[in-house]
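Novice: Shown below is the structure under consideration.
Only the coordinates and a few stated rules stand behind these numbers; no lab work does. Fair warning: this is a prediction, and the values are worked out from it, not measured in the lab. Heads up, the Cβs are rebuilt from the backbone with ideal geometry, glycines too, and the neighbour counts pull from every protein chain shown.
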Protein chains: 2
Amino acid sequence: MVTLLPDILQVLRTIGSRVDEKMLELLAEGAAKDFHEVVFHQVQAGGKRIRPALSILFCEATGGSLEDALSSAAAIELTHNYSLILDDIIDDANVRRNLPTTWKKFGLSFAILASTHYREAIEEGVLQSPNPLPIARIIADTIRELVEGERLDVLFEQLPGDQDYADKHRYHDVNLEDYESMIGYKTAALIRAACEVGVICAGGSKELQSAARNFGWKAGIAFQLADDILDLFAEEAKLGKKLGKDIYEHKLGNAIILHAIPLLSDTDRSFVLNVLRSPEPTESEVMKIIKLLKQTEASSIVQKQAKQLVDAAKKALKAFPNQKSTQLLTSLVDFIYQRSF
Amino acid sequence: MVTLLPDILQVLRTIGSRVDEKMLELLAEGAAKDFHEVVFHQVQAGGKRIRPALSILFCEATGGSLEDALSSAAAIELTHNYSLILDDIIDDANVRRNLPTTWKKFGLSFAILASTHYREAIEEGVLQSPNPLPIARIIADTIRELVEGERLDVLFEQLPGDQDYADKHRYHDVNLEDYESMIGYKTAALIRAACEVGVICAGGSKELQSAARNFGWKAGIAFQLADDILDLFAEEAKLGKKLGKDIYEHKLGNAIILHAIPLLSDTDRSFVLNVLRSPEPTESEVMKIIKLLKQTEASSIVQKQAKQLVDAAKKALKAFPNQKSTQLLTSLVDFIYQRSF
């Protein structure tokens, strides 16, 4: 029997518009009128809303409704956007989704104040959820994991700086285990939280919570692998930011780069590492690295790994009663994986 | 009958050491070992611990114990320290309590990550409290008020910058009403929260919560007035930071300056405003302003206002059953007021 795949992009759009409305409501709470444009900027820049869709679909898969999960789903997507505002300050990034970043548009002080306000909009969403206490616990744990992921990401950067702390703790070598630890914290933890929170909003059992965590973790790692591929090999216009951003930002913490390095000739490897350690890589240097990386097997190794994770994630869906929603979750995880091609 | 005033400094020390221990425990939770020195720096720089003492004394005044209030008291003091890390970034401040500020010592990226981690240590304290949900609500509201207070404080600065948003919304004139709104958000809101949270930890009635809020608000405004006096007229060594910091930071939002301006001659007023608007005020300019301000009545006007608030705050204490603790609260509010002499 052939099943037509539901149009997951349409589902993302429908869920996205409800989540966007809720996020703006949560952000407006306790914000002066003059501050709205500052706090709205990041979420109004758009986004695929994959994380809140996971919360809502897991809530529905457990037997709950969109309404049950809406506040938590918005809190999850606000958490993602909170981390983006901060990442852009830390990475000195000027553009995201083809728009100036919050700090670039409003200055450092107001971006910091906006991010601080985001955290309380997240709390607002948590407090409006059906089971606020376990959700508050998950959000608190997850944000600390995001912090640790970002800390490692900074310490994996290869540009020596003028800060004693960073220089003392910098990773001069990053192995795949370090990398997996970093992306687990930085990306998979929040995706796992998105899934688990959905089950909790529907009052699901510990067993279903654990299945959702399992799905989220694997899908989250696959998501980051896809992101690493996109960062280097996407079409720039579609990406909404500079191609090779990880190279410009001196980041050794990209799966493609880590897999490619041992496969390169000594000369090419030295070239790549030297560019990563130079203060301002030029566009032609970055393009040359991308070309070198493309010639290796790295991309197919990483894609294969992502595919295995996606297949394993799907198995965790069997535990859920509502098979219509699990089918949508299957499409969503396929979408996460396929967007890297 | 003469009652010996209890030694409030001794009480602050005793409470402070318990709160310090609890804060470090909350900060260590979910922080990598290498990150401890970064997150501990701000709280280990010390502080009078007035806010957690208010929480604990209000808990005791309501009939609860130190243990009942400890997690919340630590969360309140962490909230204060969270705001200090962020203020120091926003104000570009290098020194606090005679030590380098967190961003100065560890760099901007790690200071931002540390502050983000602080917010989750606060959440941890809230979740360990006897009545977590109402306390989570108060903390979320209060942090948004802190953000708004800081936003106004920045917009009251008189140095034109290169940011469209700040330039568009800057206050070219700050009146006493604007000022009171700013310090209400920036200082009094958290002190009010400290008091209210103490009552909630003891399971106190709505009436007692409201009395504590009333006390906290008035004591909080008095506290900021005392701080404004100290910023300009304290002994620098005792202050632990530069005398006249508000002037160096172009701040019109200081009660002494606002009260003095209409009392100055036209020439002196122009001088003061010009220095506040100059990119880098020199030490001799700042000292001259302090001398001009000292010659006005501003200091005695502000001290009188603080005294009235302190007297009104004390009246709110009558509602509480445990008079031993309310006596300590009386001493504490006197201490807050008197440290400005």
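Novice: What order do you get for B:Ser115, A:Ser331 when you list them from fewest to most C-beta neighbours inside 10 Å?
Specialist: A:Ser331, B:Ser115
Novice: Hey, another quick one. Quick check: the angle from helix A:266-277's long axis to the longest principal axis of chain A, C-alpha only, nearest 10 degrees?
Specialist: Roughly 60 degrees, rounded to the nearest 10.
Novice: Quote the FRET efficiency, to the nearest 0.05, computed for A:Arg97 versus B:Glu180 with a Förster distance R0 of 35 Å and r equal to the Cβ-Cβ distance.
Specialist: Efficiency computed from Cβ-Cβ geometry: 0.30.
Novice: Output the 0 to 90 degree angle, nearest 10, between the alpha-carbon long axis of helix A:189-201 and the longest principal axis computed from the alpha carbons of chain A.
Specialist: 0 degrees
Novice: Something else now. Taking R0 as 51 Å, what's the FRET efficiency between A:Gln10 and B:Lys33 from their Cβ-Cβ distance, rounded to 0.05? Intermediate results must be reported in sequence, preceding the final value.
Specialist: Working: r = 47 Å, r/R0 = 0.92.
After rounding to 0.05, the efficiency reads 0.60.
Novice: Sort the stretch B:64-187 into rounded, prolate or oblate with this rule: let a ≥ b ≥ c be the square roots of the eigenvalues of the Cα gyration tensor; rounded if a/c is under 1.5, and if a/c is not under 1.5, prolate when a/b is larger than b/c, oblate otherwise.
Specialist: On the way: a/c = 2.42, a/b = 1.51, b/c = 1.61.
The shape class here is oblate.
Novice: How do A:Met287, A:Met23, B:Met182 rank when sorted from fewest to most other Cβ atoms within 10 Å of their own Cβ?
Specialist: Ranking A:Met287, A:Met23, B:Met182 by Cβ neighbours within 10 Å, fewest first, gives A:Met287, B:Met182, A:Met23.
Novice: Rank A:Ile112, A:Ile257, A:Ile139 by mean-square fluctuation in a GNM of chain A with C-alpha springs under 10 angstrom and give only the top-ranked residue.
Specialist: Answer for the Gaussian network model of chain A: A:Ile112.
Novice: Right, something else. Could you give the length gained on full extension between A:Tyr171 and A:Arg339, defined as 0.36 nm per residue of separation minus the Cα-Cα distance, in nm?
Specialist: Gain on extension, A:Tyr171 to A:Arg339, equals 57.4 nm.
Novice: Over chain A, with a Gaussian network built from C-alpha contacts below 10 Å, which listed residue (A:Leu225, A:Leu258, A:Leu78) shows the highest mean-square fluctuation?
Specialist: The residue that fluctuates most here is A:Leu258.
Novice: With a ≥ b ≥ c the root eigenvalues of the C-alpha gyration tensor of chain B, is it rounded (a/c under 1.5), prolate (a/b larger than b/c) or oblate?
Specialist: Oblate shape, in that a/c is at least 1.5 and b/c is the bigger or equal ratio.
Novice: Using alpha carbons only, how many degrees (0 to 90, rounded to 10) separate the axis of helix B:8-28 from the longest principal axis of chain B?
Specialist: Once rounded, the angle reads 80 degrees.
Novice: Tell me which A residue has its C-beta closest to the axis rotating A onto B, and the distance in Å?
Specialist: Closest Cβ on chain A to the axis mapping it onto B, in Å: A:Arg119, 3.
Novice: Next question, about the same structure. Would you list which aspartates and glutamates come within 16 Å of B:Lys242, measuring only between C-alpha atoms, while excluding same-chain residues fewer than 8 positions from it?
Specialist: Within the straight-line cut-off, B:Lys242 pairs with B:Asp87, B:Asp88, B:Asp91, B:Asp92, B:Asp227, B:Asp228, B:Asp231, B:Glu280, B:Glu283, B:Glu285.
Novice: Same structure, new question: Among A:Ala212, A:Ala222, A:Ala316, whose mean-square fluctuation peaks in a Gaussian network model of chain A (Cα, cutoff 10 Å)?
Specialist: A:Ala316
Novice: Which whole-angstrom value gives the distance between the alpha carbon centres of the stretch B:49-91 and the stretch A:53-76?
Specialist: 35 Å
Novice: Then there is this: Suppose a student asked you for the relative contact order of the stretch A:29-121, using Cα pairs under 8 Å spaced at least 6 residues apart; what percent would you report?
Specialist: Averaging sequence separation for qualifying contacts and normalising by length gives 34 percent for the stretch A:29-121.
Novice: Could you tell me the relative contact order of chain A? Use alpha-carbon pairs under 8 Å, at least six residues apart, and round to a whole percent.
Specialist: Relative contact order comes out at 21 percent.
Novice: How would you classify the protein assembly as shown from its alpha-carbon gyration tensor, with a ≥ b ≥ c the square roots of the eigenvalues: rounded for a/c under 1.5, else prolate if a/b is greater than b/c, otherwise oblate?
Specialist: Judged from the Cα gyration tensor, the protein assembly as shown comes out prolate (a/c at least 1.5, a/b above b/c).
Novice: Can you give me the C-alpha center-to-center distance between the stretch A:27-47 and the stretch A:261-293, rounded to a whole angstrom?
Specialist: Their Cα centres are 40 Å away from one another.
Novice: Shifting gears a bit: Please compute the length gained on full extension between B:Ser65 and B:Asn274, using 0.36 nm multiplied by the number of residues separating them and subtracting their Cα-Cα distance.
Specialist: Values: separation 209, 0.36 × 209 = 75.24 nm, distance 5.27 nm.
Contour length minus Cα-Cα distance gives 70.0 nm.
Novice: Note the distances from B:Ser210 to each other copy's matching label point, with points 7 Å along the Cα-to-beta-carbon direction, in nm, sorted shortest first.
Specialist: 5.0
Novice: Per DSSP H run of at least 4 residues, take -39500 (n - 2.57); add these up for chain A, divide by its residues and hand me the 222 nm value, nearest 500 deg cm²/dmol.
Specialist: Details: 18 runs with 244 residues, N = 341.
Result for chain A: -23000 deg cm²/dmol, rounded to the nearest 500.
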